[in-house]
Each structure stands twice: as structure tokens, then as C-alpha cells.
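First the structure, in the form of C-alpha cells, and then the observations on it.
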Protein chains: 2
Amino acid sequence: MARNFDVIAMGNAIVDVIAPVDDAFLLTHKIAKGVMTLIDEFRANQLYNAFEERREAAGGSAANTMAGLASLGARGIFVGKVKSDRLGESFSESMRDIGVRFATAPATDGPSTACCLIAVADDGQRSMSTYLGASRELGAADIKVAEIAAADILYIEGYLWDTDSAKAASRKAIEIAKEAGTKIAFTLSDPFCVGRYREEFLELLENDLDILFANEEEAKALFEVETFDEVLQRIESWNGIAALTRSAKGCVVANGGEVHVIDAAPVARVVDTTGAGDAFAAGFLFGLVRGKDLGDSGRLGVLAAAEIISHYGARPEVSLEVLAGEAGLV
Amino acid sequence: MARNFDVIAMGNAIVDVIAPVDDAFLLTHKIAKGVMTLIDEFRANQLYNAFEERREAAGGSAANTMAGLASLGARGIFVGKVKSDRLGESFSESMRDIGVRFATAPATDGPSTACCLIAVADDGQRSMSTYLGASRELGAADIKVAEIAAADILYIEGYLWDTDSAKAASRKAIEIAKEAGTKIAFTLSDPFCVGRYREEFLELLENDLDILFANEEEAKALFEVETFDEVLQRIESWNGIAALTRSAKGCVVANGGEVHVIDAAPVARVVDTTGAGDAFAAGFLFGLVRGKDLGDSGRLGVLAAAEIISHYGARPEVSLEVLAGEAGLV
């Protein structure tokens, strides 16, 4: 079958509600800084009302990555569940606008479209409170063999493990990808998410994944080690491509004995780190599907991340394809 | 022959004259910030008199490394040339005091003992103006087969290439080490030093060295590349152990496909970076001679460097052996 798509991504379909806050706000509202916490609809409404200067934007980790890939000129498919409500329509429209195929049938009843209340602190760190809502309804029936077989890479976010049906959908997609020769990439998503599903993620790593994305804290949590170098020693013995992000320290890319240490791309001012990892994944995956070596793929990753953290919001504001061209990477 | 010594080091025998300065001083006195410049006796006297609050201490890159090794409990020999004058006696005494064997015969006439005028700026960066004096007189006659054969590792500083006779002595020592099965370690010393002898250093790397020490700028100069990752790709294909230091970014240790990325050890306040690389080499060499793996050797390196930069002066003020014990590294 022809590979008409570069990447097919599965993730929670979420609309972000972003607001600048100070640390006092985080304390008052009992928000854990720097991580993602799952919340229920009641708390979602409460925080939504507490947010001042809020902005809405289509989000979701893997969906953001697809936005980055689209901005680089890649052809993508997104699989995720919204409800047929105002936020759901807004999410779908955002995918269509950037040219990402999004054909998952929306839920017609049940909980409303997911939202993520993102509190961005003065230092650019973001704390996320996520109401999963309709995104939990993603199921095995939403996985289409033809879509997965049509892509070079299947990209799955670890957050999907928070819902049994979405996890089942992911496992089905993985089996299809193996049959079809579609490479399987996975992001650990969040250190707490790793804490919740550590054993399952380790089994995925061992049996299913070709490409792993993790930031330093997630990778430490996965291997239960204290230092980055211990992570690296563990991952060097793994038979796959690992892209490990380290915030201001850039990234380390390893594929067995081939290791790249890549500095972060310069940013005039870090405004909001929301989506940095998603953008990195976009740049890195773009490098891989375009046949770049691991070093240049990593450099595409840090370049995309630098664009995202220079402004509010988790999706690119300028063409990543143009930026990559200026940097001599495409 | 029994290996009664861990490391034998060859380097310029220098007494440091250290003074805090501001950037205006560097401009006024035409001192290039952050590097080592060779000066003549006239300029040495001029700068010496311009320095206020000056302190004298035995120095020299490789000699500092031996001081670090002694502080870790290793057994070392230093080979270098002083004159039998006040500074020369002070240098010899400092070696004896810390238990490093130093039996190179002092020059009885000719130029006086070498000194290095170290201007330490507000940001901790040091600029070195070196009058090589008697240290240039080191020659092949000073190299003793038995001393080199008695050590596990021969450690040579690249600065020796600045003098033909010291370079000849180094080459003789390298040949003896190869015969005796003593491992050969080399430090690139300074980016300008690399610029002066790039081709020769590349030949050494290819034909003679087992262990290479370089900071990021030196390594970039050696391979004439722009980024750290390019250095790493070049060094990963080299058949030896490379310890690459990156200032606040820690170090990367590579031995073919085995790569370690090690963060800098925490320092409450960086006071003076003089000797950071020398101390790193001490910690790393100590790890190697004690049979530690490359990761722990690198961690010993960054630990020693952190001690040195937390105070003025290039030699440890507290026992590195105790620090390494507290860190669980010995």
C-alpha cells in the first residue's frame, strides 16, 4: 500500500484554556506546578472561572505534534475523540485549517469535549489540569487499518493509557502497525503518567516501540534512576531510537552506540513552555520521515521547540518549514 | 616492572600569580579574556606590578592535575623544569608537600622559573599571561625510562608543544610509554594552543593517544567544527577514551559507542574557574587508575572541578578523597 501520509498520531483531543498566573494562584488553587493533573468536570468549571485573561486554542499533546508536523510541510492524520459540541467543532476546525486529516467520528452524547486548563507561571513553566471528557471515548472501533498502513510512523501519546478504551485502541493500532511495517513511536507524556503505567510502558519499550520520546524527568521515572547518565546507559542498550529532551540543556538522541548531544536552540525569551516537547517530537519525526540523520532530526526538534516556547500557546505561530530552511535543515 | 605510581605527568612547572580584576583592567592591559597568552619577561614584570592583591601559588596545568590526584590519594610523579631560584624552590616544595615525586633537575642558569599571571574577572573567568622561562628548558634528558614504566598512565599537557625541547621530551616519553605498556593521556590545554599545533595534535590522536582531555572550545578547534555534536560524532569514531568538558554543562565521556552525559556538580558560587579542567582530569584519571567505569570516572572529574571553582586558586583546598567518599564515588 502506498504511504500517503508521513505520520498518524493518536492522542486526547483537547481544547486548551491558557492563562498567565503567579505562584500564589497555584498555591491557592492547589495546582501542582510543572505537571499534568487529571480533574473532573466540577473542578474544570471552577478553574475555568478562576482563570483571568484566558485564551482558548486547540491543543492536546499529539495533536500539537501534528500541528508542528503540518507547519513543517508533512502530511498527517490525527485520531482522537471530541463531542459534537462547540469545543469539539473548534478542535476539528483547527485540524482542518492546518491540513491535518481528522476523520474520527465525534461522540453525539456523553461527556463534553475535553479541555486542559493551563496555568502559565512567570517563569514560563506550565501546570496543566485536564478534564478528559469525550476524549476518553476513543475506542478500538475508531482505529482504521488503512489509515495506519498509509503512514510511515504511528505516534502515540502515553496519556492515552489513562483510559481503558483509548489504551485498547492504542494496542490495536500497534498491532496493525507491526503488520503493516509502520514504525511505532511513543511519548511518555508526563512523569506522573509514567508513574501510573511504568510496568506497561517498559513492556511497550521492550516489545513494541521503534522510537521513544521522553523528557529527562519522564525517563528517570521510567527507569527509576536518579541521574540523566543512568537513563542514557539504560537506553543505549535498547534496540531503538530514543530522543531525550532536557529543557534548556537541549536533547540527547541515542540509537544504540550512536549518541548525539544537541544544545537547545537559542530563544530570546522563554514565554511559555507549553508544547515544547510536542514541538520537539514534530521536528524530530519530520527529520526521520524525510530521511535526515539522527543529529539533524534532533536539531529540527530543538528548533521547533524554540519557536513554541517563545510565545504563549502550544502551536507554531510562524512556519516551521521556513525556520528549518533558514537553519539549513531542510 | 612493578607499577608503583598511578600517573606520571609532564608539564610546564609554573608559579601562578593570581589577582582579581575587572573587565576594564583586561582592556587597559590588552589581555585576551578567557585564554592563555604567552608573554616575555618584560611584559611579565609589567603585569606583575600592575596586579593588586596578588597571591602566589604553585601552578601549571599538569602540575595542578597531580595536586588533584594527590588529594584523591593517588601516587604521582611530576616532570617539569624550574630554575634553582626562589620561585623554583617554592614550586618544588609545593610538590613535596603534597606527596608528589618531583625529581627533575632544576636549571642552574638561564631564564628564571616560569610564572603565570592570572587575571580573574568578576564572572570567575580567568585570563592567563604566561612567561615560560625555565620551563622551556625541559628536554629529552629529563625523561627517565624507569619513571614512565613505573606508572599506569603518562599524562602530557599540550602546552609543552610551545617549546621544541619540551615537545621532544614529550615524544620520547610517548615512545617509552608505548614500549612499557603505560597508557598515554593528553590534554589539548587551550584553543589557541590547538590552533598552533592542530595537525600535530591530530596525528597524536591518530597514532599515540589512549585518552584525550579537551574542553568544548579546544575540541571544536581540533576538528574545525561549529557544534559540540559534531565533535562528538568525530570522537565516537576514534578508538580511545575521550573526556570532553563543557563548563556549566558538565562533561561528555565517550569510548566508541559508549557515551556518558554527566551534569556539572553543584557549586554554591563560581569564584574562579582557574584549574577547573586540570581538576577534572585529576578526578577522571583517578577513576581510571582505580578501575572505575567511565561514568563514575566522569563523575569524579566534575566533583573535583566543582571544588576548584568554588574558591580562588587552582589546587584543592579540602581533601578530594573525602569529597569523593561523601559522594559515594570511592
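Coordinate-derived values only; no laboratory data. A quick note: this is a predicted structure, and the numbers were derived from the prediction, not measured. FYI the Cβ positions are ideal-geometry reconstructions off the backbone, even for glycines, and counts take in every protein chain you see.
Residue by residue through the stretch B:291-306, which ³J(HN,Hα) values in whole Hz follow from phi under the Karplus form 6.51 cos²θ - 1.76 cosθ + 1.60 (θ = phi - 60°), with glycine and proline marked x?
Here the 3J(HN,Hα) series is x, 5, 6, 5, x, 5, 5, x, 5, 5, x, 5, 5, 5, 4, 4 Hz.
Which one of B:177, B:69, B:103 is farthest out on the positive end of the charge dipole of chain B, using unit charges on Cβ (Lys, Arg +1; Asp, Glu -1) and the Cα centre as origin?
Of the options given, the answer is B:103.
Using alpha carbons only, how many angstrom separate the centre of the stretch B:170-241 from the centre of the stretch A:201-278?
What the calculation gives is 29 Å, centre to centre.
What is the mean number of Cβ atoms from other protein chains located within 10 Å of the Cβ atom of each residue in peptide A:295-308, rounded to a whole number?
Details: counts 5, 1, 0, 1, 2, 0, 0, 0, 0, 0, 0, 0, 0, 0.
The per-residue average across the peptide is 1.
For the residues B:101, B:96, what sequence is obtained by ranking on other C-beta atoms within 10 Å, fewest first? Can you show the working numbers first?
Details: B:101 18, B:96 11.
Placing the least packed residue first, the sequence is B:96, B:101.
Amide H of residue A:37 versus every other amide H placed in the peptide plane: which residues, excluding those fewer than 5 positions away on the same chain, fall under 5 Å?
Amide H to amide H, under 5 Å and 5 or more residues apart or across chains, residue A:37 pairs with A:128, A:129, A:130.
Report the residue, chosen from B:271, B:318, B:21, that carries the largest GNM mean-square fluctuation when chain B is represented by alpha-carbon nodes joined by springs under 10 Å.
Taking springs between Cα atoms under 10 Å, the residue moving most is B:318.
Would you please name the trypsin sites (Lys or Arg not before Pro) within the stretch B:206-300 that are DSSP coil residues with at most 10 other C-beta atoms within 10 Å of their C-beta? Before the final figure, lay out each step's value.
Working: sites: B:220, B:234, B:246, B:249, B:269, B:290, B:292, B:299; in loops: B:246, B:269, B:290, B:292.
Of the trypsin sites (Lys or Arg not before Pro), the ones in loops of the stretch B:206-300 whose Cβ has at most 10 other Cβ atoms within 10 Å are B:269.
In sequence order, what are the phi-derived ³J(HN,Hα) couplings for the stretch A:114-131 according to the Karplus relation 6.51 cos²θ - 1.76 cosθ + 1.60 with θ = phi - 60°, rounded to whole Hz, with x for glycine and proline?
Residue by residue, the stretch A:114-131 yields 5, 9, 10, 8, 9, 9, 9, 7, 4, 8, x, 5, 10, 10, 10, 10, 10, 9 Hz.
Does chain B come out rounded, prolate or oblate by the C-alpha gyration tensor, with a ≥ b ≥ c the root eigenvalues, rounded set by a/c under 1.5 and, if not, prolate when a/b is larger than b/c and oblate if not?
Details: a/c = 1.33, a/b = 1.13, b/c = 1.18.
Here chain B falls in the rounded category.
Of the residues B:102, B:91, B:286, which exhibits the maximal mean-square fluctuation in a Gaussian network model of chain B defined by a 10 Å Cα contact cut-off?
Comparing B:102, B:91, B:286 in a Gaussian network model of chain B, the most mobile one is B:102.
Excluding residue B:113 itself, calculate the net charge of residues whose Cβ lies under 14 Å from the Cβ of residue B:113, where each Lys or Arg counts +1 and each Asp or Glu counts -1.
Result for the neighbourhood of residue B:113: -4.
Which of A:256, A:133, A:59 moves most in a GNM of chain A, Cα contacts under 10 Å?
Per the Cα network of chain A with a 10 Å cutoff, A:256 tops the list.
Let a ≥ b ≥ c be the square roots of the eigenvalues of the Cα gyration tensor of the stretch A:50-129; is it rounded (a/c under 1.5), or, if not, prolate (a/b larger than b/c) or oblate?
On the way: a/c = 2.36, a/b = 1.21, b/c = 1.95.
The shape class here is oblate.
Going by how many other beta carbons lie within 10 Å of each one, how would you line up A:159, B:312, fewest first? Present the calculation step by step, with values, prior to reporting the outcome.
Working: A:159 25, B:312 19.
Final ranking by Cβ density, sparse to dense: B:312, A:159.
Pop out the ³J(HN,Hα) list for the stretch B:205-222 in order, Karplus 6.51 cos²θ - 1.76 cosθ + 1.60 with θ = phi - 60°, rounded to Hz; leave Gly and Pro as x.
4, 5, 10, 10, 8, 9, 9, 10, 10, 7, 8, 4, 5, 5, 5, 4, 5, 4
Order by neighbour count: B:109, B:142, A:22, fewest other Cβ atoms within 10 Å first, most last. Write out the running numbers ahead of the final one.
Details: B:109 8, B:142 20, A:22 11.
Going from sparsest to densest Cβ surroundings: B:109, A:22, B:142.
For chain A, calculate the relative contact order in percent as a whole number, restricting contacts to Cα pairs under 8 Å that are 6 or more residues apart. Please report the intermediate quantities before stating the final value.
Values: 755 pairs, mean separation 59.4, N = 330.
It rounds to 18 percent for chain A.
Helix-only mean residue ellipticity at 222 nm, chain A, DSSP H runs n ≥ 4 weighted -39,500 (n - 2.57), per residue, nearest 500. What is it? Present the calculation step by step, with values, prior to reporting the outcome.
Numbers: 12 runs with 133 residues, N = 330.
Computed mean residue ellipticity for chain A: -12000 deg cm²/dmol.
Looking only at other chains, what is the average number of their beta-carbon atoms within 10 angstrom of each beta-carbon in A:253-261?
On the way: counts 1, 3, 0, 1, 6, 5, 11, 8, 13.
Partner Cβ neighbours, averaged per residue: 5.
Give the average, rounded to an integer, of partner chain Cβ atoms located within 10 angstrom of each Cβ in B:282-289. Don't jump to the answer; show the numbers that get you there.
On the way: counts 0, 0, 0, 0, 0, 0, 0, 0.
Neighbouring Cβ atoms belonging to other protein chains average 0 per residue here.
List the distances, in nm and shortest first, from the label point of residue A:23 to the matching label points in every other copy, placing each point 7 Å from Cα along the Cα-to-Cβ direction.
Those label-point separations list as 3.0 nm.
By its C-alpha gyration tensor, with a ≥ b ≥ c as the square roots of the eigenvalues, how is the stretch A:118-231 shaped: rounded for a/c under 1.5, else prolate for a/b larger than b/c, else oblate? Each step should come with its number before you reach the end.
Values: a/c = 2.02, a/b = 1.35, b/c = 1.50.
Oblate is the answer for the stretch A:118-231, as a/c is 1.5 or above yet b/c matches or exceeds a/b.
Would you mind checking which residues have amide H under 5 Å from residue A:258's amide H? H placed 1.01 Å from N; only 5 or more apart, or other chain.
none
Setting aside same-chain residues fewer than 8 positions from residue B:30, which lysines have a Cα under 28 Å from its Cα?
B:220
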